[in-house]
Amino acid sequence: MLRSLYSGISGMKNFQTKLDVIGNNIANVNTTAFKKSRVTFQDLVSQQISGAISATGSQGGVNSQQVGLGSKIGSIDQIHTTGSTQTTGRQLDLSISGDGFFPVGAIQDLTKVNMDQKGQLGSNLISGSINRAVDLSYTRAGNFYLDENGYLVTSGGLYAIGQAGEKSVPTDATIDKSNEALTGILSFNQPFSDMYSSIQEVSERAEAYYDALVSYDEAYDRWEEAGFPNTGAIKNALDSSYNALETIHENLKTSVTDFNSNYDEFNQGVDSLNSVINTFNETSPIKDIITEITNSIEQLDENSINIPVSSNGVDNSFWNDINNLKNTLSSYGLDITDISNEVILFENKAQALQNPSWSGNLSDSPGLIQIPETAQSFSIGQDGTVTFVNSEGELKVAGRLVIANFANEGGLELSGNNLYRETVNSGTIDVEGNGIDLDEFTIPGEGGVGLISAGSLEMSNVDLSEEFTEMIVAQRGFQSNTKIISTSDEILQELVNLKR
């Protein structure tokens, strides 16, 4: 009777474990890339009542007689079948259509990972063995994100480990060169603004002067045609108008003087800017525009800005001079716009020297994958290559995701957060035993591993109908074992009751 009691107990424990596994499966029915588990049982040791007897010439053989003492857990297996794909349309959601895992990890030795930190820019390369610099884990949950520095990370903040893109970090000399250019631009912008204001002022006063001259000339001609004497109210009014013209003329001359002064300061700023442009070994339309403005200034100097008045009014030859002045000033609008646009472009180039830049190539080293904040867009290819369009519209390579593949993926250890860890029975990435290198990972789509599909996630492979069926089996199995115990207890009770 005691043997059946303990057999029942072992069965109850095993079915309880089975229910625990089923409960975990059902709880993770919506967990990204979750792999279900199953429980298998084995019989426990058996008590031998009698041994086997071999056959003789007169009698056949006899089998041994054994009584089993219950059951035990044979295994708890993870089923690594690929789950269904859920389309999300999100660029950073990735699924693997086949075998393999994304390698991810936390940095454990910052001296071996040249990443952006504490305001310093890094190349994103890992020096030496990857597993000595990074505490590696593996996952099939491809819901990645970008952190504040643009690094590709998991929802738990672990960095995606792959093949880094070629990233150039500005040297101190380059930063000094950029600062020199920005200083040149600052020394140019204020004189540029002052000269532009003075051009506007000269233009407005020249226009007012021209209009006043026309009005005065017309009035003077009418006065002469009417035969009015050189005295009287009308003549006095004309004289007052002439005096007003002289005042406008003086203001215009002052404006031109201010303009020429501002031009001198502007020209100094131009010299400073051009010297910086020369250090960049670039030609710029700025120089051509400055030549045009210089020619216009010479025209202003050549034009006589006087008011010759004869008995017949304003000297007609002056109209040509004043018209030339107006035409010269009107041409400044276009030139000023061109200069402004060129300075902005040059300033952008100077500022860009202080920023890191990516080439269109992959490096030969492992590292982190970073998409700069200035990227206009990015995409992830089936082979794991991460590309982006920079602020200038050029296609660059941020890096490439790689795949870790294990000989026995069922031997991986679950560590929570959709992560797996390598064990002694899973097979190892570090085949040579000298640390994990980049070439020990696999490019997606090669070496028997799956391709990467962007904009989708792998779903859990839990089948609810199967789990509910297994739950019924476990429930009935547990219930049956309780019946063994209760029945054995009743028999023992009967034995106790024999003596009354």
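The values are calculated or read from the model by the stated rules, or taken from the named source; none is laboratory data. All values derive from a computational prediction rather than experimental measurement. Note that each Cβ is placed from the backbone with ideal geometry, even for glycine, and that neighbours are counted across all protein chains shown.
In a helix (DSSP H, G or I), more than 21 Å from residue 139 (Cβ to Cβ) and in contact (Cβ under 8 Å) with a residue 24 or more places away in the chain: does that describe residue 18? The answer is yes for residue 18. Answer yes or no: is there a residue in the range 168-179 that is modelled with pLDDT of 80 or more, over 30 Å from residue 133 (Cα atoms) and buried (at least 17 other Cβ atoms within 10 Å of the Cβ). The answer is yes; a qualifying residue exists. Each residue in the range 415-436 was checked for being out of contact with any Ser or Thr (no Cβ under 9 Å at 6 or more places or on another chain), within 28 Å of residue 29 (Cβ to Cβ) and either among the aromatic types (Phe, Trp, Tyr) or surrounded by fewer than 18 Cβ atoms within 10 Å (Cβ to Cβ) (or both), and 3 pass. Would you check if residue 161 is at pLDDT 95 or above and touching a helix residue (DSSP H, G or I) at 6+ places or on another chain (Cβ under 7 Å)? Spelling it out, residue 161 is indeed at pLDDT 95 or above and touching a helix residue (DSSP H, G or I) at 6+ places or on another chain (Cβ under 7 Å).
In this structure, residue 451 qualifies as within 30 Å of residue 405 (Cα to Cα) and buried (at least 16 other Cβ atoms within 10 Å of the Cβ). In the condition set (1) buried (at least 20 other Cβ atoms within 10 Å of the Cβ); (2) not in a helix (DSSP H, G or I), residue 91 is compliant with all but (1).
Rundown of residues vs (1) within 30 Å of residue 405 (Cβ to Cβ); (2) under 18 Å from the mean Cα position of the chain (by Cα); (3) not in a helix (DSSP H, G or I), yes/no style:
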site: 135; (1), (2), (3): yes, no, yes
site: 162; (1), (2), (3): yes, yes, yes
site: 181; (1), (2), (3): no, no, no
site: 199; (1), (2), (3): no, no, no
site: 215; (1), (2), (3): no, no, no
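Restricting attention to the range 136-158, the residues that are surrounded by fewer than 24 Cβ atoms within 10 Å (Cβ to Cβ), in contact with a Leu (Cβ under 9 Å, 6 or more places away or on another chain) and closer than 21 Å to residue 122 by Cα total 6.
The rows are residues; the columns are (1) β-branched (Val, Ile, Thr); (2) at pLDDT below 95.
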{"position": "338", "(1), (2)": "no, yes"}
{"position": "341", "(1), (2)": "no, yes"}
{"position": "345", "(1), (2)": "no, yes"}
{"position": "349", "(1), (2)": "no, yes"}
{"position": "354", "(1), (2)": "no, yes"}
{"position": "361", "(1), (2)": "no, yes"}
{"position": "366", "(1), (2)": "no, no"}
{"position": "369", "(1), (2)": "yes, no"}
{"position": "380", "(1), (2)": "yes, no"}
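Rundown of residues vs (1) within 19 Å of the chain's Cα centre (by Cα); (2) surrounded by 13 or more Cβ atoms within 10 Å (Cβ to Cβ); (3) under 24 Å from residue 28 (Cα atoms); (4) at pLDDT below 90, yes/no style:
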{"site": "61", "(1), (2), (3), (4)": "no, no, no, yes"}
{"site": "77", "(1), (2), (3), (4)": "no, yes, yes, no"}
{"site": "104", "(1), (2), (3), (4)": "yes, yes, yes, no"}
{"site": "130", "(1), (2), (3), (4)": "no, yes, no, no"}
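Quick grid of which residues meet (1) closer than 30 Å to residue 378 by Cα; (2) of a type in the set (A, V, I, L, M); (3) exposed (fewer than 12 other Cβ atoms within 10 Å of the Cβ):
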residue: 438; (1), (2), (3): yes, yes, no
residue: 446; (1), (2), (3): yes, no, yes
residue: 462; (1), (2), (3): no, yes, no
residue: 465; (1), (2), (3): no, no, yes
residue: 474; (1), (2), (3): no, yes, no
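Any idea which residue in the range 112-128 is surrounded by the most Cβ atoms within 10 Å (Cβ to Cβ), counting only those that are at positive phi and either in contact (Cβ under 8 Å) with a residue 12 or more places away in the chain or among the small types (Gly, Ala, Ser) (or both)? Only one residue tops the list, namely 124. Beta carbons closer than 6 Å, at least 6 apart along the sequence or on distinct chains, pair a first residue in the range 336-350 that is touching a residue at least 24 places away in the same chain (Cβ under 8 Å) and in the same structural domain as residue 274 (by TED's automatic domain parsing) with a second that is assigned to a helix (DSSP H, G or I) and loosely packed, with under 15 Cβ neighbours inside 10 Å for 342/285.
All conditions but one from (1) surrounded by 17 or more Cβ atoms within 10 Å (Cβ to Cβ); (2) under 19 Å from the mean Cα position of the chain (by Cα); (3) not β-branched (Val, Ile, Thr) apply to residue 83; the one that does not is (2).
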